[in-house]
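Shown next, in structure tokens, is the structure this report addresses.
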Amino acid sequence: MRLFSLILFCVFYQNLPAQNIPVFQVLFAEKASLSNGTPLKSLDKLLDETIHVADSGYLVLIHEMGIPVEFSGDTTIILNEIHSILKPKPKEMGSSYQRSVGADYLFISQEVQAKKYRLSRTGAVHDDRLVHSIYPPLINSRIYFDDDVKIVWQPNFPGIQIEVKLRNLFDEELASYKVDDTVVLISKEDLISEGKNCCILSFARFDDKKQNRRRTNYEYSFLVTNFYTGKINFPYSAKIKTPAAALMAGYFYELASWGVSKEAQAHYELATQLSDKQFYKEMLSNYLKRSGQ
């Protein structure tokens with residue numbers, strides 16, 4: 001029954017209407033240009049161009065799956081090749097980033113403007129584009145990993161203990177975690193303990209106000225899979241190692257709260273610690289201003 005529900009979940013997202021989000025968008029460009037010499041700038045939309053980054057240049061692109069890729073030094077980039085690496089299979093099942101408000105939001109520095117922008121993109125209805133998961137952002141309706149994974153979900157159930165079970169595709173339990181927080185850390189060793197590249201992570205809740213801590217009927221499952229390419233490191237591991245990944249993690253935490261978020265601020269600050277580029281300091285400043293701090 002659990003597998004059947006999971007299949008229905010995947011089919012649902014496969015049939016979501018496609019949005020007009022470009023394959024790549026420039027997050028930041030310094031001494032980077034198209035092959036015809038046109039300099040790149042933040043928020044430029046790109047499809048299949050060839051790009052050159054100068055010897056002292058730096059470029060960050062966001063793929064449509066929400067994956068940031070960074071380039072520096074004397075580098076020639078053929079976007080079709082990068083896209084062929086980052087585009088998952090099966091084709092176009094969607095990602096949290098594709099259902100987000102877009103990278104333009106990072107450049108907003110006024111609280112009122114940020115609210116208007118969100119309303120224009122999401123409408124006045126409940127926004128569930130991140131479903132129940134905040135981090136890592138879902139890609140292909142899955143949680144991917146290539147190292148230890150930290151999974152953070154929406155704190156929708158105050159006073160509720162969460163039980164997290166790791167199962168294989170035959171519904172055999174591999175590990176179990178009970179947590180009172182909204183975070184679970186799972187080691188890479190646990191995830192690959194049976195030599196499988198795919199397992200199921202399910203969340204069930206217990207009401208700690210009831211003496212018998214009876215399990216409720218709520219349960220939610222994700223497929224957890226090795227990242228589908230070994231050519232680019234998965235950026236959203238438990239330990240974030242690049243400034244662009246830290247910035248985008250902050251972005252996803254912010255979208256989950258639509259307000260002041262300790263996790264969002266911590267990740268925006270982490271980006272400034274991982275890079276001395278003024279750009280990341282400006283992104284932190286924008287966040288503080290639009291969240292009313």
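The values are calculated or read from the model by the stated rules, or taken from the named source; none is laboratory data. Here the structure is a predicted model, which is why all the values come from computation and not from measurement. Quick reminder, even Gly has a Cβ in these numbers, built from the backbone with ideal geometry, and neighbours come from all protein chains shown. All accessible areas refer to the heavy atoms of the entire protein, side chains included, with ligands and DNA or RNA removed. Shrake-Rupley method; radii C 1.70, N 1.55, O 1.52, S 1.80 Å.
Results, tabulated for the structure shown:
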read-out	value
Qualifying positions in the range 65-74 - part of a loop (DSSP other than H, G, I, E, B) and open to solvent by 10 Å² or more (accessible area, probe 1.4 Å)	G73, D74
Per-region count, the range 252-266, residues acidic (D, E) and open to solvent by 10 Å² or more (accessible area, probe 1.4 Å)	1
Test: residue in the range 225-242 that is of a type outside the set (G, A, S), open to solvent by less than 70 Å² (accessible area, probe 1.4 Å) and in a strand (DSSP E or B)	yes
Count of the range 1-48 residues which are among the basic types (K, R) and modelled with pLDDT under 95	1
Some residue of the range 166-179 being within 13 Å of the chain's Cα centre (by Cα), at pLDDT 80 or above and of a type in the set (F, W, Y)	no
Matching entry among I62, I51, I77 (being open to solvent by less than 20 Å² (accessible area, probe 1.4 Å), modelled with pLDDT of 90 or more and under 21 Å from Y135 (Cβ atoms))	I62
Residues satisfying the stated conditions in the range 106-141, i.e. surrounded by fewer than 16 Cβ atoms within 10 Å (Cβ to Cβ), assigned to a helix (DSSP H, G or I) and at pLDDT 85 or above	F107, E111, V112, Q113, K115, K116
Complete set of residues in the range 161-179 that are among the hydrophobic types (A, V, I, L, M, F, W, C) and closer than 10 Å to C199 by Cα	L166, L169, F170, L174
Whichever residue in the range 30-48 is under 21 Å from Y280 (Cα atoms) and part of a loop (DSSP other than H, G, I, E, B) and, among such residues, is least open to solvent (accessible area, probe 1.4 Å)	L40
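Let's see how each residue does on (1) at pLDDT 90 or above; (2) outside any loop (DSSP other than H, G, I, E, B):
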site: D181; (1), (2): no, no
site: D190; (1), (2): no, yes
site: R213; (1), (2): no, no
site: Y220; (1), (2): no, yes
site: G250; (1), (2): yes, yes
site: E254; (1), (2): yes, yes
site: A266; (1), (2): yes, yes
